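Student: Below are the structure tokens for one structure; questions will follow.
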Amino acid sequence: MKPFWETTPLEEMNREQWESLCDGCARCCLVKLAEEDGSIHYTAVFCHLLESESCRCTRYPERHELVPDCVVLTPERARSFSWLPRSCAYRTLAEGRDLAWWHPLISGSEETVHEAGISVKGRVVSERDVHEEDQEAMIIHWVEQ
């Protein structure tokens, strides 16, 4: 029997299935800077709600109320947000690609995303420790879009 992510369209997934697609990389929790031409740059600065060792949100249920620009990801947005990392499972499936070997649904372990160097673990700093005007100096290039 094939796994649900290979047989169920994103729009038809239940909440549990949808949430399990998150690999825990926390790349979406990085501060992004937008240029006038529409290009997006990731920084090594993460949202204050992120717990950087586990790469999980500390206030996940209420994150959208606490951080107004925290995006609610939907199947439609997974298809249209070009700023989502290419490694993101939502984008991967929306583009018809297979999940990577390190994804917890494939590997059976939440640690493989860190072991593969996909997560932000050990590579970022909290927005509480960086002045907003200094964020531009924190632009990174290891997040592939």
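Student: So, A89, is that one touching a residue at least 40 places away in the same chain (Cβ under 8 Å), buried (at least 18 other Cβ atoms within 10 Å of the Cβ), among the small types (G, A, S) and on the phi > 0 side of the Ramachandran plot or not?
Tutor: no
Student: Working only within segment 43-67, note down all residues that are touching a Cys at 6+ places or on another chain (Cβ under 8 Å) and either touching a residue at least 40 places away in the same chain (Cβ under 8 Å) or hydroxyl-bearing (S, T, Y) (or both).
Tutor: Result: F46, C47, L50, C55.
Student: Residues being at pLDDT 95 or above and aliphatic (A, V, I, L, M): count how many of those fall in segment 32-57.
Tutor: 4
Student: Which residue pairs have Cβ atoms under 8 Å apart, sit 6 or more places apart or on different chains, and have a first residue in segment 100-121 that is farther than 18 Å from S52 by Cα and at pLDDT below 95 and a second that is among the basic types (K, R) and surrounded by 14 or more Cβ atoms within 10 Å (Cβ to Cβ)?
Tutor: Within 8 Å, no pair qualifies.
Student: Turning to a different aspect of this structure: So C29 fits all but one of (1) under 18 Å from D129 (Cβ atoms); (2) in contact with an Asp or Glu (Cβ under 8 Å, 6 or more places away or on another chain); (3) buried (at least 17 other Cβ atoms within 10 Å of the Cβ); what number is the exception?
Tutor: C29 satisfies all of (1) under 18 Å from D129 (Cβ atoms); (2) in contact with an Asp or Glu (Cβ under 8 Å, 6 or more places away or on another chain); (3) buried (at least 17 other Cβ atoms within 10 Å of the Cβ) except (2).
Student: Looking at the structure I just gave you, is P61 outside any loop (DSSP other than H, G, I, E, B) and modelled with pLDDT under 95? Spell out the reasoning first.
Tutor: Numbers: outside any loop (DSSP other than H, G, I, E, B): yes; modelled with pLDDT under 95: yes.
For P61, the condition - outside any loop (DSSP other than H, G, I, E, B) and modelled with pLDDT under 95 - is met.
Student: Another question about this same structure. Working carefully through the options L66, L33, L49, find the one that is in contact with a strand residue (DSSP E or B) (Cβ under 8 Å, 6 or more places away or on another chain) and more than 18 Å from F81 (Cβ to Cβ).
Tutor: L49
Student: In segment 67-79, what residues are in a helix (DSSP H, G or I) and surrounded by 14 or more Cβ atoms within 10 Å (Cβ to Cβ)?
Tutor: P75, R77, A78, R79 - these are the residues of segment 67-79 that are in a helix (DSSP H, G or I) and surrounded by 14 or more Cβ atoms within 10 Å (Cβ to Cβ).
Student: Give just the number: which of (1) surrounded by 15 or more Cβ atoms within 10 Å (Cβ to Cβ); (2) within 15 Å of V31 (Cα to Cα); (3) out of contact with any strand residue (DSSP E or B) (no Cβ under 9 Å at 6 or more places or on another chain) does Q135 not satisfy?
Tutor: Failed condition: (3).
Student: Which condition does W101 not pass, out of (1) surrounded by fewer than 16 Cβ atoms within 10 Å (Cβ to Cβ); (2) within 27 Å of E35 (Cβ to Cβ); (3) among the aromatic types (F, W, Y), if it passes all the others?
Tutor: In the conditions (1) surrounded by fewer than 16 Cβ atoms within 10 Å (Cβ to Cβ); (2) within 27 Å of E35 (Cβ to Cβ); (3) among the aromatic types (F, W, Y), W101 misses (2) alone.
The values are calculated or read from the model by the stated rules, or taken from the named source; none is laboratory data. All values reported here derive from a predicted model rather than from experimental measurement. FYI the Cβ positions are ideal-geometry reconstructions off the backbone, even for glycines, and counts take in every protein chain you see.
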